[in-house]
Amino acid sequence: MGVVILLVMAAGVAAMLSRKLPTAFALVLLAVVIAFLAGAPLTGKNSVFDTVLQEGAPALAATMIAILLGSWLGKLLEETGIAGTLVRKIVEFGGDRPVFVALGVLTVSALVGTVTGSAPAAMLAGLIGIPAMIAVGIPKVTAAGTILMGIAAGMPFELPVWQFFSTTLSLPVDTVRGFMLKLFPFALVAAIAYVLVESRRRGVEHAWSLKSVQSKPSARGGRRQRLGDAPWYALLTPVVPLVLALGFDLAIIPSLLAGVLYALVTTTRPREMNRRLLRTLYGGFEVAAPPITLFVAIGILLAAVKLPGAVDALEPLVKAVSPHNAVLFVLVFTLLVPLCLYRGPLNVFGLGAGIAGVLIATGIYPAVAVLGMATSYNQVFGVADPTSTQTVWSAQYAGVSPQQVMVRTLPYVWAVALGGLCVTAATYL
C-alpha cells in the first residue's frame, strides 16, 4: 500500500506541474485519496470527514492569521508611502553608482521581506527599485534577482513563516526562530554576493533605463510621489514587529498587530484612521486569500499523511531511502534541491509539507532536522522557482523571463540551502 500512496503522490505532483489542477485543489484531492488508501473510515476517529477534512482544514489557523496580518501591514506600507519612501531615499543616497543603488534596494527588499512575502513584497520594493536600478545601468535580470534575493535575506525574520513552520512541524516558535537565526547569515552573504558578482560580471547596461523610468512606474510611482514621503520615524515600521518578537519575546500575532498600529499612528491623521484601517484590512484580505487557501489544503494533507494507516504503510519505504549519515544527508538533500522548483515534491508549500509530515510521523528524522531541511529548501523556492508569484512579477516587471531569473539566482540560493543543510546535519543528526 505504501507504494500505491507514493504513486498517488507522484500523480499529484504531475497534476500540479502540468497545471491540470490548482495546487490547493490537488493537495486536497491527494489527501482524500491517501486517507482512503490508508483505510480511514468516512466518519469517526481517524476518518476522512472528521479527521482529515474537519480537523485538517483549520490546523494552520495561527499561520493564516499571521499571513493576514502580514498582508495588512504590507498594504499599510504601500498606502502610507513607507515602502516607496524607503526605496527613494536609498536610491538618492546611491546616486549614479549602480552597485550602491542595488545594495540599497537589496536592503529595502530584505526589510519588506520580514513583513510580508510573495508578490506583495516584490511589488513594494520593486515598483520603484527595479526601474531605479535599471536607470543606473544594472542589467534587467540582475535587477529582478536583487529584489528576490533581498526578500530571501529577510525571509528568516518573516514572522508568518515562523508561525507556519511552528504549526506545520509541531515545534515551538523559539525553536524555529533559533534555526532561522542560523540560516540568516547564509542568506545575507548570498544576497550581497549576488549583487556584487552579477552587477560587475555583466557590466553596466543603459539601453532600457530611460524607457523604464518614464513608462514603467509612472502610475503607481506617481501616486506615491503625490502622497509625499513618510516621516522618518514611520520608516521604522518594518523593524517594530521584529524588535518585539526577537528582543521582547512577544508572540507573533501581537507583534504584527503592533506593527500595524505603529504604521497607522505614525502616518495617519486621527480622523482618517478608521477608513484607512478598514481599507487596508480589506486589501490585506485580497492579498492573503491565495496563501490562506493553500494553507487550508496543506493542513488537510498533513492530517491525511499522519493517519496511522498512512504512517504504517509509508514508514518502511521512506526509511529505506532516507540517509542517516550526516555527510550523506547533506549530499543527498543538496542534490535534491531542484525538486522544490516548479511546485515539485519538495516544495514546502505543496507536497513537500506532506513529505515533511511523513518524515516526522514515522520518526525517521527529528522534527528540528526536518525544519532545517524545509527552511533551506524554502530559501530556494522563494527566489528561483519560475512559478512563484514573486519571481514571475519581478521578472515580468523588469522585462525578462522567470527562467532567466532562475538561471542567475539558482547557484546562490543553492549555496544557501547547502549551508542550511550543513548546519542541520551538524546540529541535529
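The values are calculated or read from the model by the stated rules, or taken from the named source; none is laboratory data. Being a predicted model, the structure only gives us computed values, none of them experimental. All Cβ positions, glycine included, derive from the backbone under ideal geometry; neighbour counts span all protein chains shown. Side chains included, ligands, DNA and RNA excluded: accessible areas come from the protein's heavy atoms. Shrake-Rupley method; radii C 1.70, N 1.55, O 1.52, S 1.80 Å.
Tabulated data
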{"item": "Residue with peak Gaussian network fluctuation, the chain [Cα springs, cutoff 10 Å], from 12, 178, 70", "result": "178"}
{"item": "Phi to ³J(HN,Hα) by Karplus 6.51 cos²θ - 1.76 cosθ + 1.60 over region 24-39, Hz, x for Gly, Pro", "result": "4, 5, 4, 5, 5, 4, 4, 5, 5, 5, 4, 4, 5, 5, 7, x"}
{"item": "Relative contact order of region 64-193, pairs being alpha-carbon contacts under 8 Å that are 6 or more residues apart, as %", "result": "26"}
{"item": "Modelled FRET efficiency - R0 51 Å, residue 17 with residue 174, Cβ distances, 0.05 increments", "result": "0.90"}
{"item": "For the chain, built as a Gaussian network whose Cα springs stay under 10 Å, the top-fluctuating residue of 77, 106, 127", "result": "127"}
{"item": "Segments 148-155, 408-415 sorted - mean Cβ within 10 Å per residue, highest first", "result": "148-155, 408-415"}
{"item": "By average C-beta atoms within 10 angstrom, highest first, the peptides 86-97, 396-407, 352-363", "result": "352-363, 396-407, 86-97"}
{"item": "Computed label-point distance, nm, for sites residue 189 and residue 324 using a 7 Å Cα→Cβ extension", "result": "3.1"}
{"item": "Accessible surface, the chain, averaged per residue in Å² (probe 1.4 Å)", "result": "39"}
{"item": "Sites residue 317 and residue 251 - FRET efficiency at Förster radius 45 Å, r taken between beta-carbons, to 0.05", "result": "0.70"}
{"item": "Listed residues 159, 73, 307, most fluctuating in the chain (Gaussian network, C-alpha, under 10 Å)", "result": "307"}
{"item": "Computed helical MRE - 222 nm, the chain, DSSP H runs ≥ 4 contributing -39500 (n - 2.57), nearest 500", "result": "-24000 deg cm²/dmol"}
{"item": "Contour minus Cα-Cα distance for residue 10 and residue 200 (0.36 nm per residue)", "result": "64.2 nm"}
{"item": "Rel. contact order, % - alpha carbon contacts under 8 angstrom, at least six apart, the chain", "result": "25"}
{"item": "Span from the region 249-327 Cα centroid across to the region 370-395 one, whole angstrom", "result": "16"}
{"item": "Peptide ranges 267-275, 193-201, 114-122 listed from the most packed, as the mean C-beta count within 10 angstrom indicates", "result": "114-122, 193-201, 267-275"}
{"item": "Set 45/75; 182/306; 45/319 screened for pairs whose C-alpha atoms are more than 32 Å apart", "result": "45/75"}
{"item": "Label-to-label distance, nm, for residues given as residue 274 and residue 50 (7 Å Cα→Cβ offset)", "result": "4.7"}
{"item": "Rounded to 10°, Cα long-axis angle of helix 82-94 versus longest principal axis of the chain", "result": "60"}
{"item": "Residue 182 versus residue 407: modelled label distance in nm, points set 7 Å from Cα along the beta carbon direction", "result": "3.6"}
{"item": "Mean separation of Cα contacts under 8 Å (6+ apart) over length of region 220-326, as relative contact order %", "result": "18"}
{"item": "Principal-axis tilt of helix 273-305 within the chain, Cα atoms, nearest 10 degrees", "result": "30"}
